[in-house]
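After the structure tokens below, expect a handful of questions from me.
Please treat every number below as a calculation from the coordinates, not as lab data. Bear in mind the structure is a predicted one, so any value in this text is a computation, not a measurement. Methodologically, a virtual Cβ is constructed for each residue, glycine included, from the backbone with ideal geometry; neighbour enumeration extends over all protein chains shown.
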Amino acid sequence: MAPSLEADTDASTLDNTVPVPRPRPPAPPPPATAGQTICAATAKTGPDPDIPLISARLSGIRHKILVLSGKGGVGKSTFTTLLAQAFATNEDSSVGIMDTDICGPSIPKMLGVEAETIHVSGAGWSPVWVMDNLGVMSIQFMLPDRNAAIIWRGAKKNGLIKQFLKDVEWGDLDFLLVDTPPGTSDEHLSVNTFLRDSGIDGAVVVTTPQEVSLLDVRKEIDFCRKAGIRILGLAENMAGFVCPKCTNQSEIFRATTGGGRALAQEMGIPFLGSVPLDPRIGIACDYGESFFDNFPDSPACVAFKEVVRNVSRQMGLDDKEVLPE
């Protein structure tokens, strides 16, 4: 009877003069890196049941646009506000702004609705309507005090963003602009994840002309490509200074490496336009007034409308219908 495999490996049947090789114990696994620990802690256990609810809630919104910046201080939230106001100059368009800059919610101030609160009904949370065709949702409306700080970690921020997307009753909108904090953080990943199924038209990336801003914008563009977010284009803010007296422009932030236009060409993305710095923009935002209503002939106003037209073309829309002359 042929010996079985088990008998062959039984030490009692072997010649003790012949050394029996023993397998080496497995090497211990290397210690987990910080990134692996975070990923393991946040690993999904299954499909998020809220994603279909978000898609259903946002089904009446035709176009969703992210507004991003690599660096703080480039005027991204101001740019978002003015883009929304520019879209809303067409009375046939309905526009919304979702403020996901949780720790720095400045958009309600710029729209003159800082003191408003959220109304909750059976249909959901109602956005605050600045005018008949322009609404906004922000954590600012939930704070007990206008100066109260939001001291939250990522999980709470992500939870609020999901609640904004799932519970706010926008109704039918033509455009929803999502203002994000600077950089590439939890908020950006959450917005992209939550909106993926309902569809994002793309991102408008905002920069200023100097290289210290462009350096971080390159990282933002890389983030968009890795996250699968289409880049509608790069917009250059504060590109020159408009004198409020004579409307002549002068360069104050010198584009030492070619500015936004050169970067867009380098990175192979559309260039949406340059908007000069007009001190009256700051005044209008401080008082919560519409810059477009107050100064329709400003070079900055004209430049913003050109950016809107270029964004519209990137989304395959007729820019003359989006923003009639």
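Listed here are the pairs 109/305; 157/305; 76/219; which of them are more than 24 Å apart at the Cα?
Numbers: 109/305 22 Å; 157/305 33 Å; 76/219 16 Å.
Correct reply: 157/305.
Right, another one. Long-range amide H contacts for residue 231: which residues qualify at under 5 Å (H placed 1.01 Å from N, peptide plane, sequence gap of 5 or more or a different chain)?
203
Please list the non-local residues whose amide H lies under 5 Å from the amide H of residue 63, H modeled 1.01 Å from N, same-chain partners needing a gap of 5 or more.
Placed amide hydrogens put 175, 176 under 5 Å from residue 63.
Let me ask something additional. Can you put 247, 81, 100 in order, fewest other beta carbons within 10 Å first?
247, 100, 81
Further, regarding this structure: Using alpha carbons only, how many degrees (0 to 90, rounded to 10) separate the axis of helix 154-167 from the longest principal axis of the chain?
Taking Cα atoms only, the helix is inclined about 60 degrees.
Further, regarding this structure: Each residue of region 175-181 in order: what ³J(HN,Hα) in whole Hz does its phi give by Karplus 6.51 cos²θ - 1.76 cosθ + 1.60, θ = phi - 60°, with x for Gly and Pro?
After applying 6.51 cos²θ - 1.76 cosθ + 1.60, I find 9, 10, 9, 9, 7, 10, x Hz.
Ordered by residue, what ³J(HN,Hα) values in Hz, to whole numbers, does region 291-304 give under the Karplus form 6.51 cos²θ - 1.76 cosθ + 1.60, where θ = phi - 60° and Gly and Pro are x?
5, 6, 6, 7, 9, x, 9, 4, x, 5, 5, 4, 5, 4
Turning to a different aspect of this structure: Return the loop-located trypsin sites (Lys or Arg not before Pro) in region 118-206 (DSSP other than H, G, I, E, B) with at most 14 other Cβ atoms within 10 Å of their own Cβ; answer none if there are none. Walk me through the numbers before you get to the answer.
Working: sites: 146, 153, 156, 157, 162, 166, 196; in loops: 146, 153, 196.
In loop regions of region 118-206 (DSSP not H, G, I, E or B), the sparsely surrounded trypsin sites (Lys or Arg not before Pro) are 146, 153.
Quick one: go through region 283-323 and flag any residue whose amide nitrogen is under 12 Å from the point 7 Å out along the Cα-to-Cβ line of residue 247.
Under cut-off, by backbone N: 295-303.
Pull up the DSSP beta bridges for region 61-318 and report the antiparallel fraction as a percent, rounded to 5.
20
Ok, one more. Using only the alpha-carbon atoms, how far is helix 211-227 inclined from the longest principal axis of the chain? Give it as 0 to 90 degrees, nearest 10.
It is inclined by approximately 60 degrees.
Below 8 Å between Cα atoms, with a sequence gap of 6+, how large is the relative contact order for the chain in percent?
Details: 553 pairs, mean separation 68.2, N = 325.
Computed value for the chain: 21 percent relative contact order.
To make sure I understand, if each residue's beta carbon is the centre and we count other beta carbons within 10 Å, what order do 51, 107 fall in, fewest to most? Please report the intermediate quantities before stating the final value.
Numbers: 51 18, 107 26.
So the ranking, lowest neighbour count to highest, is 51, 107.
Hey, fewest Cβ within 10 Å first, where do 194, 304 land in order?
On the way: 194 21, 304 25.
Listing 194, 304 from fewest to most nearby Cβ atoms yields 194, 304.
Here is a further query. Mind listing the phi-derived Karplus ³J(HN,Hα) values for region 271-282, rounded to whole Hz, using 6.51, -1.76 and 1.60 with θ = phi - 60°, and x for any glycine or proline?
Rounded to whole hertz, the list is 9, 8, x, 10, 10, x, 7, 10, x, 6, 5, x.
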